[in-house]
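Asks: Structure below; questions to follow.
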């Protein structure tokens, strides 16, 4: 029997085929493993960097296959390279196939001393052309078949080329027997199923990476949208906060129980919220906070805060604080995503506006009264003059004529005084009240009496009162009254004392004073020895903003006028 056909030889050759098959499978698994770890960014771009990496990866596998063939398993080495080179071209195109082929040729040149067998040349050329042809067909989509169909066709084509090399270039001394047949079947199966499995695995890896890339791209897109939206919200909130903080109105956000949830700086200044946080352990109720600060407390209760029937309504009211400030309060629903979760209170200071309105109302009333009374007085004086003229026409007594002429002149002077008074009075309320320093007005009035020899003094410094701009005329008339009726006045002082809910400005002279029975009359229009309008005009100017004046001096010791300024109508300017 031929030794080649001995059972021991068959067993040894079959064992060699099994070992080389295991080596080939292990190598193919290694290719898949490395292919899976190609960086995602490079993989997904599918450009030259990807093709170079694929070429190097499959070139490493080709080098390993050459080493396997050096160990004696030439046919298995050829089978592996029958997978590696075409699969490199199938996956990465001509660049990948070229790099893999170059590495394969270099490894053969180095390990086999430049000897390249005809089967290797045939295998390299055939599989290279087949791989780039299928890649081109797949890339251009020349034949509308599915990827599995392309893969089966490619695997059969490369397998056929490789098996052809066996038949065209059989190894020297090889015989056609069962072992050689099994060897060829093994190579064919290895190439066909290897390409089929590796192609399917690479396609699966491709799809997984593309899916991961889509997820990553979508995630990055969402993150970019979130960042953009967050920036827009931050910018919007910053703009809203800046707008709210720059508002001169006090803005307070409360829940349905009236608990303060937020407020701006103006509201803190108006209501002193910060000063009460420790007192109420940061749980401040708006009603409790301002209940003792306002004079009209009845408006604070259920109607404003706890009346749930009016949660969707806009409420408006006016609150007068004990500080003298007056605020228009607007209460609107506080909505978040169309749901009402509380209320917003807006405090707008209308103190000056309210005072101006009241001053204008008072001025109009006084002006109407003045017009009526003055018209009546002037008509009376004209009637007197006309009567005296009629008497002069019928009377021939010169002495009597002179007497009536004198009386007519006096009536004319009264008309003149009335006209002067109306001129002064029409200026009353012409301009809206302003904050004035009484000391400055007093000093301005004193300048008109600098030659009178009177010593003027005052302890007023930074005090300001809210009054008609004719405040200078008030002090002028008071000083003029002291000089005319005070009998040797040498000293006039102006000072202040704090009263209950008011401030008193005291004007005092060291003259003879005012008799008790005249104290209540001196402010009446027309009362007095001169025109009778000076003290009346003083009272009218002061009353424009609710400031009162009365005479409280002791007769014989000098005149003393108390000017009472209510809370809210005076301030100490810092």
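Nothing in this text is a laboratory measurement; each read-out follows from the coordinates by a stated rule. From a predicted model like this one, the values you see are computed outputs, not experimental measurements. A quick note on method: Cβ atoms are made from the backbone with ideal geometry, for glycine too, and the neighbour counts reach across all protein chains shown.
Asks: Sticking with the crude label model, points 7 Å out along Cα→Cβ, report the distance from residue 277 to residue 216 in nm, one decimal please.
Replies: 4.7
Asks: Now a separate question. Quick one: length gained pulling residue 256 to residue 352 fully straight, 0.36 nm per residue minus the C-alpha distance?
Replies: Numbers: separation 96, 0.36 × 96 = 34.56 nm, distance 3.22 nm.
This chain segment gains 31.3 nm when fully extended.
Asks: With each pseudo-label sitting 7 Å past Cα toward Cβ, what's the residue 245-residue 323 distance in nm, one decimal?
Replies: Going by the 7 Å Cα→Cβ label model, 2.1 nm.
Asks: In nm, give the distance between the simple-model label positions of residue 94 and residue 168, each being 7 Å from the Cα along the Cα-to-Cβ direction.
Replies: Going from the residue 94 label point to the residue 168 one covers 2.2 nm.
Asks: Want the number for residue 160 to residue 291: 0.36 nm per residue separation, take away the alpha-carbon distance, what's left?
Replies: Working: separation 131, 0.36 × 131 = 47.16 nm, distance 10.01 nm.
Length gained, residue 160 through residue 291: 37.2 nm.
Asks: Could you work out the relative contact order of the range 92-169, using alpha carbon pairs under 8 angstrom and six or more residues apart, expressed as a whole percent? Write down the numbers at each step before the final one.
Replies: Values: 34 pairs, mean separation 30.5, N = 78.
With pairs under 8 Å counted, the relative contact order is 39 percent.
Asks: Between residue 461 and residue 193, what length in nm is gained on full extension when 0.36 nm per residue of separation is reduced by their alpha carbon distance?
Replies: Details: separation 268, 0.36 × 268 = 96.48 nm, distance 10.74 nm.
Here the segment from residue 461 to residue 193 would lengthen by 85.7 nm.
Asks: Can you give the relative contact order of the range 433-574 as a percent, counting alpha carbon pairs under 8 Å and 6+ residues apart? Mind dumping the intermediate values first?
Replies: On the way: 275 pairs, mean separation 38.3, N = 142.
Averaging sequence separation for qualifying contacts and normalising by length gives 27 percent for the range 433-574.
Asks: Can you list the residues of the range 186-223 with backbone N under 19 Å from a point 7 Å past the Cα of residue 125, pointing along Cα to Cβ?
Replies: Hits in the range 186-223 for residue 125 at 19 Å: none.
Asks: Write down Rg/Rh for the range 433-574, rounded to two decimals, with Rg from the C-alpha atoms and Rh from the Kirkwood relation over Cα pairs. Display every interim value, and only then the final one.
Replies: Numbers: Rg = 14.2 Å, Rh = 15.2 Å.
Looking at the range 433-574, the ratio lands at 0.94.
Asks: Continuing with this model, one more query. Mind pulling up the Rg/Rh value for the range 203-286? Radius of gyration and Kirkwood radius, both on Cα. Let's see the in-between values first.
Replies: Numbers: Rg = 23.4 Å, Rh = 16.7 Å.
When Rh is taken as the Kirkwood radius, the ratio is 1.40.
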